[in-house]
Amino acid sequence: MNTRTHYDVAIIGAGMSGLAAGIRLAHFGKKVCIFERHNAPGGLNSFYSRGGRKFDVGLHAMTNFVRPGVKGTPLTKLLRQLRIDRAEFALCEQKRSRIAFGPCGETTLAFSNEFALFESEVARAFPAQIDGFRRLVAVVRQYDDVSLDATAESARAVVRTHVTDPLLEDMLFCPVMYYGSATEHDLEFGQFVIMFKALFLEGFARPFEGVRTVIRVLLEKYRAAGGERRMKCGVARIVANQGRASALVLDDGSEVTADHVLSSIGALETERLLVGPDVVDDGGAVPPGNAAEGEWRVRAGGSEPSAGTPSRQSAISNFNSQAAPGRLSFVETISILDRQPAALGWGDDTIVFFNDSVRFDYARPEADVDPRSGVICIPNNFQYGPGRELPEGIVRVTCLANYERWAHLPEGEYQTAKQRWFGIIQRSARRFLPPLEQPDAFERATVATDMFTPRTITKFTGHIGGAIYGAAAKHRQGRTRLENLYLCGTDQGFLGIVGAMLSGISMANYHILQKRS
């Protein structure tokens, strides 16, 4: 039983960023405890059991994949800082993915972990745009996406200086936005660069056993380093006193104290835990954040602020400004098949990003779900090696959804809505996969289904509004209004599974391991 009541560092949330921060801190002798309200670690990238099967939550693929020997990338930095041998993650590369636009995917761009394929596809489908595309890629490669001096600017505006065809523009934005954007319609160019590199210049991979492998490795590293973990033990309140987090009140009413607190649950979600004489009820104010607030370089020795880091007082002032919760949420359908998808003719595509409309509309829909665009993921279609295949077929489809439309439905209406939208989403997505020889072959092969909604996301992650990627405003320094309370993860701003882990590492490095007066 855990009996300690004071820690060097308390971490709120056992997601990827919280676990990574815990490992990094424990490696340097810090007494660390992670507090997690639920019974499974992983946060937005976890798993659950139903009907004897284990379902991944969140993981389609790990982005930022590079092969052994490639240096200076997010994955290699992550492995070095957490002292993980890359073989422990057992990452298997994608086969091929596609971006498919048009009523039935008439315009396609294939890509893999070899960037040359994507470049050749752009040249094939948009010959008049290839020179501009290459100029854009050169800008992306040269862009310092961790610089504090870069001026925040519209990604669409930058892309349009090189790519003039609206269709190609939307096809480039669709994967980037679905896999990391917390903003509607557009995103900051630095965020676009991060995701473009992660998806196209690096690539996709997946452990054979899915997200459980990643979580297992992180837990083993954390345990071996001496970190403590309290599951089914959430933080109900953060007591603020004299500008510091003076205590954490747990769900059972007990209290613990810590020199430093790292929260991975989101900025607004963290702000709403604050109580005490220092806290003014401002309607849930949270920091707006921007690219100029600070980003931290992950290096072998830790993270360091780049030139022009604003003062702490400036960061506190920003934290006390008004900001809104994230607006973007999703539904996802999961179909389990009694055969490999290849038996249906679906054996080539790992992930398909689709859109059937004239323009790609990345925004909260007015209806419950927007089935016009989305992501199809087929986990069977990674390169697992000869004679190695998942025991059952899996097809996942993700679409944009409206949290408010789902959140308050009575249970019976909620289940009816799930059933109705499941069929609509499936029919929409199948237009972008090779046609079946027998129209009902997919239904006959399906042995189990499940579906999560924005309501599910809030229930199991605590994210307000079911916002997968948090609020649109990010806080690169990870600072809050309290001098010993810091953010990591979703609202700190690094993207993807690898990005989440790097977020935890970098915030631990800068704020705690390299703490400055």
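Read-outs throughout are calculated quantities, based only on the coordinates presented, and are distinct from any laboratory measurement. Bear in mind that the values here come from a model prediction, so they are computed numbers and not experimental data. Heads up, the Cβs are rebuilt from the backbone with ideal geometry, glycines too, and the neighbour counts pull from every protein chain shown.
Pairwise Cα distances in segment 38-138 exceed 17 Å for 69 percent of all pairs. By the rule of a C-alpha distance below 19 Å, with chain neighbours fewer than 8 residues away ignored, the lysines paired with Lys232 are Lys459. Across segment 82-157, Cα-Cα pairs farther apart than 19 Å form 58% of the total. Partners of Lys77 within straight-line reach, counting lysines whose Cα lies under 18 Å from its Cα and excluding those fewer than 8 residues away in the same chain: Lys197, Lys221.
When the Cα gyration tensor is reduced to axis lengths a ≥ b ≥ c, the ratio a/c is 1.5 or higher for segment 375-488, and with a/b not above b/c it is classed as oblate. Measuring spread by the Cα atoms of segment 191-258 yields a radius of gyration and Dmax of 18.8, 49 Å.
Here each label is just a point 7 Å from Cα along the line to Cβ, and for Arg83 and His185 those points are 5.0 nm apart. Three semi-axes describe the equivalent ellipsoid of segment 84-218; taken as square roots of 5 times the Cα gyration tensor eigenvalues and ordered largest first, they are 27, 20, 14 Å.
Restricting things to alpha carbons, find the Rg to Rh ratio for segment 441-517 using the Kirkwood radius for Rh.
Expressed as Rg/Rh, it is 1.20.
Of the GluC sites (Glu not before Pro) found in segment 171-217, those in coil by DSSP whose Cβ has at most 16 other Cβ atoms within 10 Å are Glu184, Glu209. For segment 355-406, taking the reciprocal of the average inverse distance between every pair of different Cα atoms yields a Kirkwood hydrodynamic radius of 13.4 Å.
Distant-in-sequence amide contacts of Arg339, defined by a placed amide H-H separation under 5 Å and a gap of 5 or more residues or a different chain, comprise Gly393. Modelled spin-label separation between Glu404 and Gln419, with each label point placed 7 Å from Cα along the Cα-to-Cβ direction: 2.8 nm. Of the trypsin sites (Lys or Arg not before Pro) found in segment 386-480, those in coil by DSSP whose Cβ has at most 11 other Cβ atoms within 10 Å are Arg388. In a fully extended conformation the segment linking Glu114 and Phe28 would gain 27.2 nm over its present Cα-Cα distance, using 0.36 nm per residue. For the chain, the 222 nm mean residue ellipticity estimated from helices alone, with every DSSP H stretch of n ≥ 4 adding -39500 (n - 2.57) and the total spread over all residues, rounds to -8500 deg cm²/dmol.
Put simply, when 70-79, 10-19 are sorted by average Cβ atoms within 10 angstrom per residue, most first, you get 10-19, 70-79. When you count the other C-beta atoms within 10 angstrom of each residue and take the mean per peptide, 88-100, 247-259, 480-492, 230-242 line up highest first as 480-492, 88-100, 230-242, 247-259.
Extension gain, Asp8 to Ser357, is 120.4 nm, computed as 0.36 nm per intervening residue step minus the present C-alpha separation.
Between Thr446 and Val249, residue separation times 0.36 nm minus the direct Cα-Cα distance comes to 66.3 nm.
Hydrodynamic estimate: the Kirkwood radius of the chain over Cα pairs, inserted into Stokes-Einstein at 4 °C and 1.567 mPa s, corresponds to D of 55 µm²/s. In terms of its C-alpha gyration tensor, segment 144-231 has a prolate overall shape, because the principal axis ratio a/c (a ≥ b ≥ c, square roots of the eigenvalues) is not below 1.5 and a/b outweighs b/c.
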